[in-house]
Amino acid sequence: MSDPQLPEVSDVDDVDVSAGDTPADRDPQAGGLSEREFSCHCCYDILVNPTTLNCGHSFCRHCLALWWESAGKNECPECRERWEGFPKVNILLRDAVEKLFQADVRRRRQDIQNNPRIAHSLLAFQRHGDEQASRGAAPGGPRRGAGSFFTGVLTALTAVAVMLLVYHWSSGEAHHEVLVSKPVSKWTTDDVTLWMEYLGAWAHQYREIFIEEKVNGRLLTLLSDEELSRPPYSIENPSHRRAVMEELHKVRELGVKPPQNLWEYKAVNGGKSLFLLYALKDSPRLTILYLYLFDYEDTFLPFIQTCCPQVEPTWRQWVEFLVKFSLLPYQLLAEFAWDWLSVHYWTSRFVIVNAMLLSVLEGCSFWRVWSRGEIRTLPKRMFGHLWKMLTHSLAFMLFWPLVPHFVCNCLFYWALYFNPIINIDMVVQQQRIQNQFM
Ligand SMILES: [Zn+2]
Ligand SMILES: [Zn+2]
């Protein structure tokens, strides 16, 4: 980790020899050593986290970070020699200075921690180092600590996700989506049987009769409540008859089976589902606002009823909704997915995990803005975000008709199943950067 340079090392060794054994015995002046010998040539104060460059000069780490940020070059502030790689803290020198000038170092550390500008510079400097390290690391080469663990976990998760996808595709996605796009007048007896499967377990007992009678789509739409009660159908349970008639009414009105799950919704509204998926991921608040303004009946109303269930829409429901909407919008999406757990076992779990990760990432970026003292730039950032979302949406609307179905599918599954895995990595990176300095 350390990159000690020879002159410093020998200096420090001299200090340790001349300084005695216990802190009480130590008198830096006795060995001819004063604070001046251990002062940083940037701030002319005692060195904190001394970082030694290739040229041999040492500076406080935060002084170096501030200099690096303002100069924008990898140059020594004193002799202007370029440094190679990413400079690290000189551990030997740091420990020696901390032992000799405990009180001074503690005071300076306090000052540094309380200064948001310095914290920001240190963070940016460390991120620059992390980027360099990831660029310089040989592909597949060993990585230290949490990195290698999570790379392994991520690879395993990606493999699982790919397998699930292949399973999903091979289990006949098209087979399930056929009824939502096929006109009821063209339904075969098999299609009618499939439609009855969707009605629920109670409808299974009547399936055989419908197959025997060779009921196709055209015949199905002509059936009345009275006919269902008589042989050969003989559906005696009045609530079963009513349920069949209600579903039949919807099919007659739409001409196709109404979408009842995510895959059917996607089959009918390909572009819209892709748009909503990406928009909710990038900007949940704006997207929900968009749904409220332009898609109230079909999408917003079912959404709010699922997330904040109430017998009747009241102000209480709206308060609950607005609090979640402004503070934890991803929580709303997680609750919506939670409601679909029984229908979409794995997909719902992916959405819930991703919603939690996105909440964490949003919290992290807010914390970053706060800790840098840039809270005043928030309105400007929000406006920039609004502008970005508007232009992206416009571009999507213009180019969507040109995108092939296969590409749309790839983008859809990518956002649904791979994005959570990428976000796990991003959360881990955030943790590492923050642990470095806090
Ligand atoms: Zn300094
Ligand atoms: Zn130098």
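The values are calculated or read from the model by the stated rules, or taken from the named source; none is laboratory data. Since the model is a prediction, treat every value here as computed from it, not as a measurement. Glycine also receives a Cβ, built like all others from the backbone with ideal geometry; neighbour counts cover every protein chain displayed. Side chains are part of the model used for accessible areas, which takes the heavy atoms of the whole protein and leaves out ligands, DNA and RNA. Shrake-Rupley method; radii C 1.70, N 1.55, O 1.52, S 1.80 Å.
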Practice problem: Anything over 19 Å Cα to Cα? Flag those among Lys186/Lys266; Lys257/Lys281; Lys186/Lys257; Lys182/Lys250, in the order listed. | Solution: Lys186/Lys266; Lys257/Lys281
Quiz item: Any number yet on Rg/Rh for segment 262-437, C-alpha, Kirkwood?
Solution: 0.97
Exercise. Give the accessible area for Arg230 in Å² (nearest 10); use a 1.4 Å probe, count only protein heavy atoms, and leave out ligands, DNA and RNA.
Key: 120
Quiz item: Which value, in nm² and rounded to one decimal, describes the direction-averaged projected area of the C-alpha convex hull of segment 170-299?
Solution: 9.5
Quiz item: Which sequence of Lys272, Lys186 reflects their accessible areas, 1.4 Å probe, from the largest down?
Solution: Lys186, Lys272
Quiz item: How much accessible area does Glu197 have with a 1.4 Å probe, in Å² rounded to the nearest 10?
Solution: 90
Practice problem: Apply 1/(1 + (r/R0)^6) to the Cβ-Cβ distance of Gln431 and Ala243, taking R0 = 60 Å, and write down the FRET efficiency to the nearest 0.05. | Solution: 0.75
Quiz item: How high is the FRET efficiency from Glu253 to Leu219, r the C-beta distance, R0 22 Å, rounded to 0.05?
Solution: 0.80
Quiz item: Based on the alpha carbon coordinates of segment 268-337, what radius of gyration and maximum Cα-Cα distance (Dmax) apply, in Å?
Solution: 11.8, 34
Practice problem: Name the lysines eligible as straight-distance cross-link partners of Lys73: C-alpha to C-alpha under 26 Å, and not fewer than 8 places from it in the same chain. | Solution: Lys88
Quiz item: What length, rounded to one decimal in nm, is gained on full extension from His128 through to Phe396, with 0.36 nm per residue of separation minus their alpha-carbon distance?
Solution: 93.2 nm
Quiz prompt | Exposure rank, largest accessible area first [Tyr206, Tyr198; 1.4 Å] | solution = Tyr198, Tyr206
Quiz item: Given a 1.4 Å probe and the protein chains all in place, what does the accessible area of Asp45 round to, in Å² to the nearest 10?
Solution: 40
Quiz prompt | Quarter of Cα convex hull surface for segment 183-254, i.e. mean projection, nm² | solution = 4.1
Self-check item: FRET efficiency estimate (nearest 0.05) - Cβ-Cβ, His204 to Ala156, R0 30 angstrom
Solution: 0.20
Practice problem: Could you rank Leu328, Leu293 by how accessible they are, 1.4 Å probe, largest area first? | Solution: Leu293, Leu328
Self-check item: Contour minus Cα-Cα distance for Glu227 and Gln305 (0.36 nm per residue)
Solution: 24.5 nm
